[in-house]
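To start, the structure under review is shown below, and the notes come after it.
The values are calculated or read from the model by the stated rules, or taken from the named source; none is laboratory data. These numbers come from a predicted model, not from an experiment. Neighbour counts run over all protein chains shown; Cβ positions are idealised from the backbone, glycine included.
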């Protein structure tokens, strides 16, 4: 059913249709509306049977989910940024134990300095934890990916996180086609655990594994993620059949068939990128876009195939590995290393900095002329940077950088020209 | 307090069993068909008090729940020595997640069982003192505050033993650990620190809180039984000597626990809804020296330059406990958990 | 259910890890000799019959007891219970009231009419037992059980020896004594009464006996010369007690003085009271500490109004006046005359200065060696003459009925060996179960039950039994105070305290065994065994 609805709410309602049995709630911007909405549905009886638990921290949220999942219940929670880091021990633990928990990650920057706006640093911080990570481009996709996520998680016995850009998607009111209960029930069967805590068949879960077997356990987890590379497209196809619209899949290419340059990105920025790419196409550049939906497992083959005809790849990313370079870029570089493509990285949107189509168009134009640096921080205010560097070299007690820059800017929010 | 009346069957209510007692007068442990929840082949040290305490508590919980029990375990000695791949000593459904999250994981298990309509299956969470008092404290308090239906058992051996005997928030004053060595004027752990978890639990007004030791099996089992009769958050704090960490003889484990109680250093009591309702009285009041002198972690208090000043302070602590809790049968209890100052 | 590799493990998989390999020492169950058994002169398995009593299985307990001693009801009244003196429980609170329980079992058996075990199959051999006191009767019982014919001879008109003729009825009622003797006779004993043997060899050869047991006792009251007038009445205590037992009490008058410090002196004084004496005084040359009489007897005597004159000797007895001399103890503890005299009025003087044995019957058996008035014997109770054995007061021994009963048992076994030509089995003695081996924490606080006593007024005028027995409830309580020193009594402690589940419970009466595959040798079981029945021994590496 078509609804004009806030992204968080769309996700909440869709998750509710997936019949979660234990939902853990710990608030952190920008995820709060998701769990609040679910809480209301549980309280009113609209979502039942369901245990809605107000936990005392994100660490508890993931831990309660672990316990619930191990005892055979479908478990769900949501978090962002600092909260994800606070639960990171449990995030790794859930994957290591093979528990099919689904979590919404409302992508948000990680401090210090504290920042509640969107970027992908939180998702990148846990990319090695063993979770499947899916990135939604739109609110529609954010809602739909949750349905697929539960089914995927339970089939493979791996936890899945659905990433949606904080504020940009979570707080945007858009048109979304929400499924109904019957559709979801037909697509998503009840949870059949691979292992469960059960007095009639006792087992010990969570043994200590030493050098003699640890490598094999890790490899098995890797193989299961690789299995996902087949399952995700299959489940996406099944989704389209069931719900009548495409959603999910490993990658979503746009105008890549004859592209010289392919722009690669994750998440909502793809919308702006497509607008910029259309403009460049109109200007005569043969440029295309590859949106990556499944970031983990990383779809090496699909990416390589999409890039095989291009001579240049530009990775637009909202995350950055301090002291090194782009994060997504590294994965893309690995996937495309023998295609002969050059690779350029554009870092943008950190801490919620708006990404304008004009800036992107300029960057893409430069790329077409081979004039794009290998690493570009989009719309960086070099003057501010220089002023702070000078301060630091001239005075030992130069003070906290963040506060100095804010004073220089004279404003908290970023400037828009 | 202890509901067993003494029938003068030689060993009365103190020994594990007695050929002259009916089955219901004996402990769960005396039953040859006891669950042996923690079975042979585990890698605990010789004479490990925690291995004993765990089997005692979980077997009793299994009896009380008619075998419908799930256990969640924090990281620590108990978890490590009981489940090294490929061997597990647990005969019951058991889950280990992390060091600090046992209470939260148990909350999750309980929620799942509830939502699945398996109300007869009960949940026990267990952790050492480190996992309860320090790193698990946040989750524990959350579980208490929500009154989740979990029996949380803390096996208190008064330090982080599994990592090599380091100080925890439960380490008693003057005790030597690897991070509070017996060096300098304040030899061993400092005075005036530490958390009284049973009183903190009581401050949450949860339905049932009790302390126990491995030296009094009847009392321990009775408390598990009583705890299992109630639903909601329950807390059991069991003193379990560690021969390695305490520097006591492996054969002395039960004796040391007994002395901890008989000196008054470890008060054994139970509390319902935040108020102390019963005390296990001291049978033969004993000076703290007898307890301290058989443990290597207090060796620096004796010998050539005995620290009688420190021993006196420890004795004062014991005396205070005796007064506060009324541990000598003839003295009434004087405990108001929210009002007691240390 | 699937088990994800390595993360999830199956129940029971830890049994593959045989932690027994960690041990440097191992626990073993031991059986130690309890001090009560060790101390009992009759060799009773006291702990054994207490163990049987505890669940209320009195018949089994009684049968265990009479394996060694056929006189429990008698013992429960006259034995001085060295078992209680040595009882480990003394170091905890008070000794177990073993004697009181023994009496209860004995009385209970009489009430129920239980019979002794039957005589053994006929061996065709014949044994002569001279003297039907405790030693002779005990030997007779054991010999009958071993299948031999016994001819039991006594010079008195009734069986019992000193039990009848030396111990007053207020300590040992006749009905009780008769019942326990009759049971032995009922096994098929050839009893010959009123017959004094004067030549043992002739008696043996004429009767065709294969062996002889001399249990003639020490029936002669020792006399000492005291200057006395013709009208002064002096008797010896043994004769006095014998005549009272024969229902022919002598006239003693109102003021009776007893000279001596043993139990016989007390018996004589208390008997005198019952015969009408208003004053019964005991004169003893040393003091209370040195007095050989047992404390309990003395307490009862004092309760009855007997008065004591310590450190006093009798110098002379003229008409109805005794001249007494005060003594003092020198540095070596020997009494020395002080030269201070006093008079004491007395109607009769009873000498209780010890007893001698009439050994005329062995004059014609020179191989039987007599030294200091008693017959020398080997540990087998055999005298210098092959085939002639002796026991009881007639041989060197502490002179109590219990010791005599023990002699009788030992002699019977030796005689059996002598007759059959085989050495009797000598089972090795286990080491003693000392108090330090116990873990007394586990025993309930249980003070001892006191046996009720007859009130004083009644006591003094009748020969009714002074000390009553325990009720069943109290007897059971007392029996259950036994700590079972050194022998497992299935308290389940070891089964319960092993952190490694390495003790296997074998079932009621089967005790336990260690699972050495998993025992790590921590030693908690040994420490927490209440009765010290587990030892830690070095492991064989």
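Tabulated values for the structure
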| item | result |
| --- | --- |
| Boolean, residue A:192 is exposed (fewer than 12 other Cβ atoms within 10 Å of the Cβ), more than 9 Å from every other protein chain (Cβ to nearest Cβ) and within 20 Å of residue B:94 (Cα to Cα) | yes |
| Residue that is nearest to residue C:490 (Cα to Cα) [pool: residues in the stretch C:27-60 that are within 12 Å of chain B (Cβ to nearest Cβ) and surrounded by fewer than 19 Cβ atoms within 10 Å (Cβ to Cβ)] | C:55 |
| Selection from the stretch C:502-511 of residues that are buried (at least 21 other Cβ atoms within 10 Å of the Cβ) and either in contact (Cβ under 8 Å) with a residue 60 or more places away in the chain or at the interface with another protein chain (Cβ under 7 Å from one of its Cβ atoms) (or both) | C:502 |
| Some residue of the stretch A:85-97 being in contact with a strand residue (DSSP E or B) (Cβ under 8 Å, 6 or more places away or on another chain) and more than 14 Å from chain B (Cβ to nearest Cβ) | no |
| Count of residues meeting criterion [within 42 Å of the chain's Cα centre (by Cα) and more than 15 Å from residue C:492 (Cα to Cα)] in the stretch C:516-533 | 3 |
| Hits in the stretch C:287-333 (condition: under 28 Å from residue C:232 (Cβ atoms) and without any contact (Cβ under 8 Å) to a residue 12 or more places away in the chain) | C:302 |
| Selected residue [at the interface with another protein chain (Cβ under 9 Å from one of its Cβ atoms), crowded, with 24+ Cβ neighbours inside 10 Å and either outside any helix (DSSP H, G or I) or in contact with a helix residue (DSSP H, G or I) (Cβ under 9 Å, 6 or more places away or on another chain) (or both)] from B:47, B:67, B:41 | B:47 |
| Check on residue B:54, within 30 Å of residue A:199 (Cβ to Cβ), modelled with pLDDT of 95 or more, more than 7 Å from every other protein chain (Cβ to nearest Cβ) and under 20 Å from the mean Cα position of the chain (by Cα) | yes |
| Criterion (at pLDDT 95 or above and in a loop (DSSP other than H, G, I, E, B)) met by exactly one of B:255, B:285 | B:285 |
| When residues of the stretch B:71-112 are limited to those that are more than 7 Å from chain A (Cβ to nearest Cβ) and part of a helix (DSSP H, G or I), the one surrounded by the most Cβ atoms within 10 Å (Cβ to Cβ) | B:102 |
| Some residue of the stretch C:471-490 being away from every other protein chain (no Cβ under 14 Å), surrounded by fewer than 23 Cβ atoms within 10 Å (Cβ to Cβ) and farther than 30 Å from residue C:275 by Cβ | yes |
| Qualifying residue in the stretch A:209-225 (condition: touching a helix residue (DSSP H, G or I) at 6+ places or on another chain (Cβ under 7 Å), in a strand (DSSP E or B) and in the same structural domain as residue A:141 (by TED's automatic domain parsing)) | no |
| Exclusive hit being touching a strand residue (DSSP E or B) at 6+ places or on another chain (Cβ under 6 Å), at pLDDT 95 or above and either buried (at least 24 other Cβ atoms within 10 Å of the Cβ) or closer than 23 Å to residue A:95 by Cα (or both), set B:115, B:124 | B:124 |
| Total residues in the stretch C:514-536, condition facing chain B (nearest Cβ under 8 Å), part of a loop (DSSP other than H, G, I, E, B) and under 16 Å from residue B:52 (Cα atoms) | 5 |
| Any hit, the stretch C:313-331, residues being over 26 Å from residue C:220 (Cα atoms), assigned by TED's automatic domain parsing to the domain that holds residue C:293 and not in a strand (DSSP E or B) | yes |
| Selected residue (criterion: farthest from the chain's Cα centre (by Cα)) from residues of the stretch A:346-378 that are touching a residue at least 12 places away in the same chain (Cβ under 8 Å) and within 16 Å of residue A:260 (Cα to Cα) | A:370 |
| Residue within the stretch A:75-82 that is within 11 Å of chain B (Cβ to nearest Cβ), in a loop (DSSP other than H, G, I, E, B) and in contact with a helix residue (DSSP H, G or I) (Cβ under 6 Å, 6 or more places away or on another chain) present | no |
| Matching residues in the stretch A:50-74 - criterion: being in a helix (DSSP H, G or I) and within 7 Å of chain B (Cβ to nearest Cβ) | A:59, A:60, A:63, A:64, A:65, A:66, A:67, A:68, A:70 |
| Residue in the stretch B:147-157 that is free of Cβ contacts under 8 Å to residues at least 60 places away in the same chain and within 14 Å of another protein chain (Cβ to nearest Cβ) present | no |
| Only listed residue being touching a strand residue (DSSP E or B) at 6+ places or on another chain (Cβ under 7 Å) and not in a helix (DSSP H, G or I), chosen from C:240, C:235 | C:235 |
| Candidate set: the stretch B:27-37, residues that are facing chain C (nearest Cβ under 8 Å) and surrounded by 23 or more Cβ atoms within 10 Å (Cβ to Cβ); chosen: the one farthest from residue B:217 (Cα to Cα) | B:30 |
| Strands (runs of 3 or more DSSP E) (entirely within the stretch A:84-189) containing at least 1 residues that are crowded, with 23+ Cβ neighbours inside 10 Å and under 14 Å from the mean Cα position of the chain (by Cα) | A:102-107, A:132-135, A:160-165 |
| Conditions (1) more than 21 Å from residue C:63 (Cβ to Cβ); (2) surrounded by fewer than 24 Cβ atoms within 10 Å (Cβ to Cβ); (3) touching a helix residue (DSSP H, G or I) at 6+ places or on another chain (Cβ under 9 Å); number of the one not met by residue C:88 | (2) |
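Rundown of residues vs (1) part of a helix (DSSP H, G or I); (2) more than 22 Å from residue B:136 (Cβ to Cβ), yes/no style:
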position	(1), (2)
B:189	no, no
B:202	yes, no
B:206	no, no
B:219	yes, yes
B:241	no, no
B:248	no, yes
B:260	yes, yes
